[in-house]
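Just so it is clear, none of the values below were taken in a lab; they were calculated from the coordinates. Bear in mind that the values here come from a model prediction, so they are computed numbers and not experimental data. Reconstructed Cβ throughout: ideal geometry from the backbone, glycine too, with neighbour counts over all protein chains shown.
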Amino acid sequence: MFTAFVFSSLLWQPLVAQNAPTVTGNWQGTVEAGRGFRAILQISQADRGKSAEGELQGVLYTMGVGGARESDLNSLTLQGTTLRFTIPPDGSFEGRLSADGKSIAGTLKYGAASYGLTLAHATADAAWAIPKPTDHMPADAVPQFEVATIKPTNPNWGSRGFHSGGRRIFCDNETADDLLSFAYGVHARQIVEDPGWLRTDKFDVDGVPDLIGEPSLKQMQAMYRDLLASRFNLALHHETREISVYRLQAAKSGPKLAKSLGDPNGTPDQTFTRWNSQLIELKETNATLAEFSQNMGMVLDRPMVDQTGLAGRFDFVLRWTPEGARTDDSNSPPGLFTAIQEQIGLRLDATRAPVDVLVIDHIDKPSPN
């Protein structure tokens, strides 16, 4: 009896192991997008001292023209034969393990863009080399949107701005005039002879570049210029005209700006962290004063022209009370002009100056996705 029991147990144990799929190891495949880019997924068991037994951890490498990116994964799980994980800040993957355990077929998403991706379990002799990550696109790279969705903004959505995160490039609640302002680095008053809908109809754009690496601000602007040409059928020309501007200069007390510790070649983070009837707060990180001047076009009635002569990138926060706000709070910040002088040691003067303007020759509402 005892011998029979041992024999049957030994037979039963391998059957359990065969039915329990494992996904640890290296997986590799090509993302089905445009020219395509390679992906390597590394999965391992998490350290038992720091995680629950059986918990998985992973890293995703994506490689294409211009370099490679490395992303640590969150929420990596295998439930039955379904593998899921998220890629900070807004990417994800869901795929199904094949019956033989040699491939995973699924969908890779970045924001609103999605791609087919089939990963094969890599044997030692066929494994691709793990690439050295590329943080930024090469300076001479000219990226375009690989895929981009353009949709009318939900009228109940209040947030707005231009953003980048991971492989995702997107903007919320922006008019075509805003897109033009960002793409060409000009104020709305520098856009002339445009149809009325450019200033009223608002759009959300969501997509990914066709090159690996984080684009610089200039490369993001180039992507939007190409998008305006291809999806809005934009045609324009440049002229120089004298218009009303605000001249940004150093105040008598001197600038109060901290040099940024960020990457001098990196993309600035320019975020309105608060925007309501009582308070506006703008956080500028790793930004030049020319970029700050362009960003202020969102709140000023005329272009701001940087004439401070201050080079480099800066980190600062600017807080002000909007014009016309009613508040009894003695701690409320001053108006914008006073805030600029007191908080960052600069000043604005109203004047007229010759500036570059964009003359719209033709533009259509965006083509369907």
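Tabulated values for the structure
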| quantity | calculated |
| --- | --- |
| Difference of contour (0.36 nm per residue) and Cα-Cα distance, S98 to D329 | 76.8 nm |
| Highest average packing first - 174-185, 226-237, Cβ atoms within 10 Å | 174-185, 226-237 |
| Helix-only [θ]222 nm of the chain, DSSP H runs n ≥ 4, -39500 (n - 2.57) each, per residue, nearest 500 | -5000 deg cm²/dmol |
| Nonlocal amide H pairs with K202, under 5 Å, H built at 1.01 Å | T153 |
| Those lysines that a straight Cα-Cα span of less than 29 Å connects to K202, excepting residues fewer than 8 apart in one chain | K109, K151, K218, K283, K365 |
| Length released on extending from F272 to N74, taking residue separation times 0.36 nm less the Cα-Cα span | 68.5 nm |
| Paramagnetic reach from V192 (point 7 Å along Cα→Cβ, amide N under 18 Å) across region 344-364 | 351-363 |
| Span from the region 74-109 Cα centroid across to the region 300-348 one, whole angstrom | 47 |
| Cα gyration tensor, region 207-267 - rounded (a/c under 1.5), prolate or oblate | oblate |
| Within-13-Å neighbourhood charge of I130 [Cβ basis; K, R +1; D, E -1] | +2 |
| For peptides 286-297, 330-341, sequence by mean Cβ density within 10 Å, most packed first | 286-297, 330-341 |
| Radius 13 Å from Cβ of N286, net charge of other residues (Lys, Arg +1; Asp, Glu -1) | -3 |
| Sorted by Cβ neighbour density within 10 Å, fewest at the top, the residues D329, D306 | D329, D306 |
| Förster-model FRET efficiency, 35 Å R0, D301 and D263, C-beta, rounded to 0.05 | 0.55 |
